[in-house]
Number of protein chains: 2
Amino acid sequence: MPVNLPAVDPSQLHAVAGVRIGVAMAGVRKANRRDVVLFDLAAGSLAAGVFTKNRFCAAPVQVCREHLAWLQGKPAEAGVRALLINTGNANAGTGEDGLVRARSTCIALARRLDLAPEQVLPFSTGVIMEPLPNDRIEAALPAVIADLRHDGHAWADAAAGIMTTDTVPKAASRRVVIAGKPVHVTGISKGAGMIRPNMATMLGFVATDASVDPAVLQRLAREAADASFNRITVDGDTSTNDSFVLVATGGAGAPRIDSLDGADGRALAEAVTEVAVQLAQAIVRDGEGATKFITVQVDGGRSEDECRLAAYAIAHSPLVKTAFFASDPNLGRILAAVGYAGIDDLDQGLIDLWLDEVHVVHRGGRRPEYREEDGARVMKRAEITVRVHLHRGAASTTVWTCDFSTDYVISTDYVRINADYRS
Amino acid sequence: MPVNLPAVDPSQLHAVAGVRIGVAMAGVRKANRRDVVLFDLAAGSLAAGVFTKNRFCAAPVQVCREHLAWLQGKPAEAGVRALLINTGNANAGTGEDGLVRARSTCIALARRLDLAPEQVLPFSTGVIMEPLPNDRIEAALPAVIADLRHDGHAWADAAAGIMTTDTVPKAASRRVVIAGKPVHVTGISKGAGMIRPNMATMLGFVATDASVDPAVLQRLAREAADASFNRITVDGDTSTNDSFVLVATGGAGAPRIDSLDGADGRALAEAVTEVAVQLAQAIVRDGEGATKFITVQVDGGRSEDECRLAAYAIAHSPLVKTAFFASDPNLGRILAAVGYAGIDDLDQGLIDLWLDEVHVVHRGGRRPEYREEDGARVMKRAEITVRVHLHRGAASTTVWTCDFSTDYVISTDYVRINADYRS
């Protein structure tokens, strides 16, 4: 049961001019399941990608990087033309054979669409270390091409089509006006994390019909990812397949954006970032067994890096996460996490800690005014902000996570689902 | 249910000449519970300590460090004379008031034993951020002093007396002959980790009646801790109170050990390290809900540090730990953990992976010869070794951990026990 996550409404998802989407059933892992999604992009489109930092990255991630490198500097008419996504198999831990199979799907699609294979970007999510059944994906290409549509329903179908352990589809959309022209930003994401790991890859796809300079698009993708997908954590594990792609088609006919600093650039950046944040937060809200959405804000660091260390130490601690699930205002666990975060010269005697509006710790010790019932009241909420002030500097950061629900883990579902899944 | 952990047998615990132990009920948190343990050390004893690296360390840890600094260089007759341990309250996150209370217990004991307060080392484990009821501990001092005994039963009682979430007491003992004299090494530990965090502090106390040079004792304590307590992890959280103390009384009458490189020094070091490893592994074997004992060995790193990064990434991953619990040979999770361990220039194409005798991954990909039933056979065992070869250099390391059992987490025990505990 996702935390405060409304259902996707196709009528609220703006079509993006130049983007058509098809969905099909390839039987990658199971029959009768929509498991292949195709984004068909109009000529002149550009794509920028941000990928997993995991050194053990999956074959499609390696192929995506190769293709994006190939596309760099090519004329607009030879740019990116398709994103091909499959669920059911992550094509990770598959060595050289995995690269061959990922390239094979790109070649097969390119042949049908009369493109160079490098104009296709592949994405996979599902079981690890199993050979990708690329023959089945290739056999489904006519069906997925025949299904190409451009409206909000196509976006909603795509959001459903890339789901694995997700309990609900995830999509977001914004409309902005640039130089009098309506411009649209629509995106989908998947990822749920935690206990069902094979399928817990985070994928995010956002497209806009704005026209954007390639370098500006790359910067926007990086900044949007840093403000969104790079701030979420469910279980701390980084998938081999995590990918975020931002596409700009130029289809809206608005003037090209050459900078993020002007009014137009700022308006687009804000819309893209809002969509990315909503998509990223949706992943946390749909985290395995999540019952609470936790914002961890760390202020007063000397650098953003050290704020991130402290914030992630809190967000990754199983002890902190179980305390949130149990609504146990056991705040020593948060202090302990800050203590081992890796800030070498941290002075524990300076730290302040708040739970929402309740000021719990001052100068490293429990405030005499703090009453446990005040902490307990906050801990019962579905959305909680933990704020730590390090009193060392002026840097801040925020990350989002969920609690660690025994309720879910409890169930035999994990074992059962996995057994099903692998059998 | 601990994994392969035999019950403590008092007849197998050697008395250590110069060490007497008393146990009493102080009612620190609950009535009718042995919650205070006193180690009374003969004049001339030395102590060396290794403490939590958590920057948010508890008051007793700070006081221990102060007292050990004070003791440094003092004549033998003004050395350490007592270790005073309480359960029920960790005296952590208690600020200046916590220091005052920790010192107060040392002063009260010193007065009764006619010592300087600095000759007493305090240790606490239990709830965090609650004021230490030092008055109750001080009131129990006559009882704990009256209980002082020196035999194996006293050691067994101490092992039981320092338990918190532990399901069984933990003790180990060795006897070696140094220059014709029998020398004894006996120790106890506590810690279970994971879900019941307030009380999950790791404490280890090892005493020997060997006579050891102070600098050599400090080196031995550091090396023994690095080979034992610093290689275990249950949930990755580092407690604010973790402490390991090595005491040498000289009571055996054997010649003083001035080096760890001679035969005598090596014999003692081996005995102390064996005791420390057994005590450390016992903590993992008794980890919250542990059903499996996992050895993670990483070979072929450029440095021990990078091997540790990879080993702890594997050992801390909730995904890896749940896979072990589920006996799911889902080895991609292990590769993914190696990938995000933080070894920047790791080449995934070089990695080998074994599960016990089964060679699973070669050059970063699943071996064609590997069959899932072979992996499944290993995963069902109660003790499993994961071995990763990075093929980058000659360094190695080993860490020990347990699986992540949904069975335990499931139960309402966590919430119930905590509710009891804090009410």
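Summary of values
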| read-out | value |
| --- | --- |
| Some residue of the range A:149-156 being in contact with a helix residue (DSSP H, G or I) (Cβ under 7 Å, 6 or more places away or on another chain), closer than 22 Å to A:Leu68 by Cβ and either outside the structural domain of A:Asp40 (by TED's automatic domain parsing) or of a type in the set (A, V, I, L, M) (or both) | no |
| One residue from B:Val50, B:Val63, B:Val8, B:Val37 being away from every other protein chain (no Cβ under 14 Å), buried (at least 19 other Cβ atoms within 10 Å of the Cβ), modelled with pLDDT of 95 or more and under 20 Å from B:Gly187 (Cβ atoms) | B:Val37 |
| Output for the range A:106-137, where each listed residue is crowded, with 21+ Cβ neighbours inside 10 Å, of a type in the set (A, V, I, L, M), modelled with pLDDT of 95 or more and farther than 19 Å from A:Phe51 by Cβ | A:Leu109, A:Ile137 |
| Residue match in the range B:376-388 (condition: within 14 Å of chain A (Cβ to nearest Cβ) and touching a Gly at 6+ places or on another chain (Cβ under 6 Å)) | no |
| A:Ala336 modelled with pLDDT under 85, assigned by TED's automatic domain parsing to the domain that holds A:Val358 and surrounded by fewer than 24 Cβ atoms within 10 Å (Cβ to Cβ) | no |
| Residue among B:Ile334, B:Ile343 that alone is over 23 Å from the mean Cα position of the chain (by Cα) and within 30 Å of B:Thr167 (Cβ to Cβ) | B:Ile334 |
| Test for A:Arg20: is it surrounded by fewer than 20 Cβ atoms within 10 Å (Cβ to Cβ), in contact (Cβ under 8 Å) with a residue 24 or more places away in the chain and touching a Phe, Trp or Tyr at 6+ places or on another chain (Cβ under 9 Å) | yes |
| A:Ala395 being surrounded by 24 or more Cβ atoms within 10 Å (Cβ to Cβ) and small (Gly, Ala, Ser) | no |
| Residues that are among the hydrophobic types (A, V, I, L, M, F, W, C), closer than 23 Å to A:Ala337 by Cβ and without any contact (Cβ under 8 Å) to a residue 24 or more places away in the chain, drawn from the range B:45-72 | none |
| Residue within the range A:225-234 that is part of a loop (DSSP other than H, G, I, E, B), crowded, with 24+ Cβ neighbours inside 10 Å, within 19 Å of the chain's Cα centre (by Cα) and within 12 Å of chain B (Cβ to nearest Cβ) present | yes |
| The range B:136-190: number of residues that are closer than 26 Å to B:Pro2 by Cα and in a helix (DSSP H, G or I) | 10 |
| Selection from the range B:223-273 of residues that are modelled with pLDDT of 95 or more and closer than 30 Å to A:Arg333 by Cβ | B:Ala224, B:Val245, B:Leu246 |
| Single condition A:Asp356 does not satisfy, out of (1) closer than 20 Å to A:Val378 by Cα; (2) at pLDDT below 95 | (2) |
| Criterion (small (Gly, Ala, Ser) and at positive phi) met by exactly one of B:Gly79, B:Gly49, B:Gly95 | B:Gly95 |
| Residue list for the range A:103-148, restricted to those being farther than 26 Å from B:Asp328 by Cα and small (Gly, Ala, Ser) | A:Ser104, A:Ala108, A:Ala110, A:Ala116, A:Ala139, A:Ala140, A:Ala143, A:Ala146 |
| Subset of the range B:12-34 that is at pLDDT below 95 and not charged (D, E, K, R) - its residue that is farthest from B:Gly251 (Cα to Cα) | B:Ala31 |
| Residue within the range A:93-102 that is assigned to a loop (DSSP other than H, G, I, E, B) and without any contact (Cβ under 8 Å) to a residue 60 or more places away in the chain present | no |
| Any chance B:Ala280 is touching a Phe, Trp or Tyr at 6+ places or on another chain (Cβ under 6 Å), outside the structural domain of B:Ile351 (by TED's automatic domain parsing) and of a type outside the set (Val, Ile, Thr) | yes |
| Filter pass, B:Lys292 being at pLDDT 85 or above, surrounded by 22 or more Cβ atoms within 10 Å (Cβ to Cβ), closer than 26 Å to B:Ser189 by Cβ and among the basic types (Lys, Arg) | yes |
| Segments classed as helices (runs of 4 or more DSSP H), wholly inside the range B:295-369, with at least 3 members that are within 9 Å of another protein chain (Cβ to nearest Cβ) | B:318-325, B:332-339 |
| Residue list for the range B:89-105, filter: surrounded by fewer than 21 Cβ atoms within 10 Å (Cβ to Cβ) and more than 14 Å from every other protein chain (Cβ to nearest Cβ) | B:Ser104 |
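The values are calculated or read from the model by the stated rules, or taken from the named source; none is laboratory data. As the structure is a computational prediction, the values presented were derived from the model and not from experiment. Here the Cβ is made from the backbone with ideal geometry for all residues, glycine too, and neighbour counts use every protein chain on show.
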